[in-house]
Amino acid sequence: MNKDAITRYPINEAARKRWSPRAFRDQPVEPEKLISLFEAARWAASGGNVQPWRFIVGLRPDATWTRIFEALDQGNQEWNKNVPVLMVAVGARISPFDGKVSPVFQYDTGQAVSSLSIEAIHQGLHVHQMGGFSGEKIHAAFEIPDDYLAIAVIACGYMGDPENLSEKLKKREFLPRTRKPLEEFVFSGKFGEAMEMVKW
Ligand SMILES: Cc1cc2nc3c(=O)[nH]c(=O)nc-3n(C[C@H](O)[C@H](O)[C@H](O)COP(=O)(O)O)c2cc1C
């Protein structure tokens, strides 16, 4: 299945090919590929180079995978049964500079996950991020301290055959991908005013 972004302007291949499938192959991910995902995350930018991201990684069917799976919302559990790798992206809330809640720890953690997602494409893998999970369950299951926050769960593996999904999910898998035009989010002069060069 081809879900490459249909872009108005050229972009790099991995960004074009990245998308979030729900059908994953029931096939483990090679450790050398998985470790490159974390290496890519490691080299993400972060405010003050604090690197607040942490990852809890489960390999099906280990206990970590099972605990992450059990914390997913029912709708997400439906398509995650075959996913070989489930991970939790956790952020350190407190800035080491002033001991207060960092205004950018979630932003930084998201950047690391973005790097990881692009590296996944480079490794022939796909990831699918999820906000649909119980943070309470994750925090309890992994004894995550209060000054850390479980931000997202990430499914990772080889893209599978959408024919194996339920009818409802299969339909969603084939829906065209949509995005706002550049005019709606690239401004100049005043907030909300499209920059001249992006006007179509
Ligand atoms: C923070 C975040 C939370 C998300 N939560 C879910 C989720 O709980 N379940 C799900 O199926 N997809 C989830 N997604 C995937 C988005 O729906 C998906 O990225 C978006 O529709 C764009 O599609 P694409 O990634 O294929 O380009 C989430 C994505 C992000 C970044």
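Overall, the accessible surface of the chain at a probe of 1.4 angstrom is composed of carbon and sulfur to the extent of 53 percent. Close Lys pairs in the chain, defined as Cα atoms under 14 Å apart and 8 or more places apart or on different chains, number 4.
Per-residue packing, averaged as other Cβ atoms within 10 Å, sorts the ranges 90-100, 162-172, 180-190 into the order 90-100, 162-172, 180-190, beginning with the highest. Applying the criteria of a DSSP loop state and at most 15 other Cβ atoms within 10 Å to the GluC sites (Glu not before Pro) of the stretch 10-59 yields no site.
Cα gyration tensor of the chain, axes a ≥ b ≥ c as square roots of the eigenvalues: rounded (a/c below 1.5), prolate (a/b > b/c) or oblate? Verdict is oblate for the chain.
Can you compute the helix-only [θ] at 222 nm over the chain? Use -39500 (n - 2.57) per DSSP H run of at least 4 residues, normalise by all residues, nearest 500 deg cm²/dmol. Rounded to the nearest 500, the figure is -9500 deg cm²/dmol. Across the stretch 20-176, the relative contact order, built from alpha-carbon pairs under 8 Å that are at least six residues apart, equals 34 percent.
Peptides 131-140, 79-88, ordered by how many other C-beta atoms sit within 10 Å of their residues on average, highest first, read 79-88, 131-140. Express in whole angstrom the spacing between the alpha-carbon centres of the stretch 118-139 and the stretch 1-77. Between the Cα centre of the stretch 118-139 and that of the stretch 1-77, the gap is 5 Å.
The values are calculated or read from the model by the stated rules, or taken from the named source; none is laboratory data. Please read all numbers here as calculations on a predicted model, not as lab measurements. Every residue, glycine among them, receives a Cβ derived from its backbone with ideal geometry; neighbour counts consider all protein chains shown. For accessibility, only protein heavy atoms count, side chains too; no ligands or nucleic acids. Shrake-Rupley method; radii C 1.70, N 1.55, O 1.52, S 1.80 Å.
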